[in-house]
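Asks: Quick one: this structure, given as C-alpha cells, is what I'll be asking you about.
The values are calculated or read from the model by the stated rules, or taken from the named source; none is laboratory data. Please read these numbers as outputs of a predicted model, since none were measured by experiment. Neighbour counts are summed over all protein chains in view; Cβ atoms, including those assigned to glycine, are modelled from backbone coordinates with ideal geometry. In case anyone asks, the SASA skips ligands and DNA or RNA and just uses the protein heavy atoms, side chains included. Shrake-Rupley method; radii C 1.70, N 1.55, O 1.52, S 1.80 Å.
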Amino acid sequence: MGRTRAAALGLALVAVLVGAGLGAGPTRDRPLPVAGATTLTPTTPVEPLFPVYVSGWVANPGVVEVGEGSIVAEAVEAAGGALEGAMLEAINLARPLVSGDHVQIPGPGDSVAVAPGTDVGGLISPNRADVSQLEELPGVGPVLAERIIAHREANGPFKTIEDLLDVPGIGEAKLSAIRDLIVVP
C-alpha cells in the first residue's frame, strides 16, 4: 500500500505542476509583460480643438472650442444656439473658422453694416432696393426696375423669387439670369 500511495501522491503532484504551468505561459489575449515597458491602450485619435469667441444673440456667449474644419454654424451651436430674433442672415454661417476668431451674432436693434437694398452677402433685395440698385442686375434697365418697384408697392413685398414672374417684362429666362444675385424676402 505504500507504493500505491506514493504513486498517487506523485501523480497528484505532477498534475498540480502541469496545471500551474498551463496558466503561466503567454496567450493570445495576454502578452507577457516586458520589464520597464509602459502598457499603452489603443485610443481614438482626438481631433485638435481651438478656441473661438462667440458673442451676441446666442444662449451661452463666450469662448467655445471647435475642431479643425469647423464653420461658423458649429461655433453658434457650441455656444448653445442662436436666440430667437438673432439675425443669422446677417452673417455667413458657412465661413470656415480659425483659432481666435470672433463670431458676433447680431439681433434686433444691432446695427449691421449693409447697404440699403442689399443683404450682407451683397445680394440685392427686390423688396428694399431702389432703381439704381435694381439696374445692377443683368438685363434690368430703368424701365424694368420701375416696374419691380411699382409691383411691390401695389402688391406688397415679394415672398418668393418666383413672385418676380408677376412683374411685366420678367420671364423665366430673365429670372434665371438674376436668381443667384437676389434675395427674397
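Asks: What FRET efficiency comes out for the pair residue 176/residue 132, r = Cβ-Cβ distance, R0 = 25 Å, nearest 0.05?
Replies: 0.60
Asks: How much accessible surface does residue 179 have with a 1.4 Å probe, in Å² rounded to 10?
Replies: 80 Å²
Asks: Using amide H atoms built 1.01 Å from N in the peptide plane, name the residues 5+ places from residue 66, or on other chains, whose amide H lies under 5 Å from its own.
Replies: Answer set, sorted by chain and number: 50, 52.
Asks: What full-extension length gain, to one decimal in nm, is calculated for residue 94 and residue 55 as 0.36 nm per residue of separation minus the Cα-Cα distance?
Replies: Extending this stretch completely gives an extra 12.3 nm.
Asks: If ligands, DNA and RNA are left out, what is the accessible area of residue 123 with a 1.4 Å probe, given in Å² to the nearest 10?
Replies: Number for this one is 50 Å².
Asks: Give me the distance in nm between label points sitting 7 Å out from Cα along the Cα-to-Cβ direction at residue 77 and residue 165, one decimal.
Replies: The modelled label-to-label distance comes out at 3.5 nm.
Asks: I'd like to know which of 134, 155, 167 lies farthest towards the positive end of the charge dipole of region 123-173, counting +1 on Cβ of Lys and Arg and -1 on Cβ of Asp and Glu.
Replies: 155
Asks: Calculate the translational D of region 59-109 in whole µm² s⁻¹ from Stokes-Einstein, where the hydrodynamic radius comes from the Kirkwood formula applied to all Cα pairs, the temperature is 20 °C and the viscosity 1.002 mPa s.
Replies: Estimated via Stokes-Einstein, D reaches 191 µm²/s.
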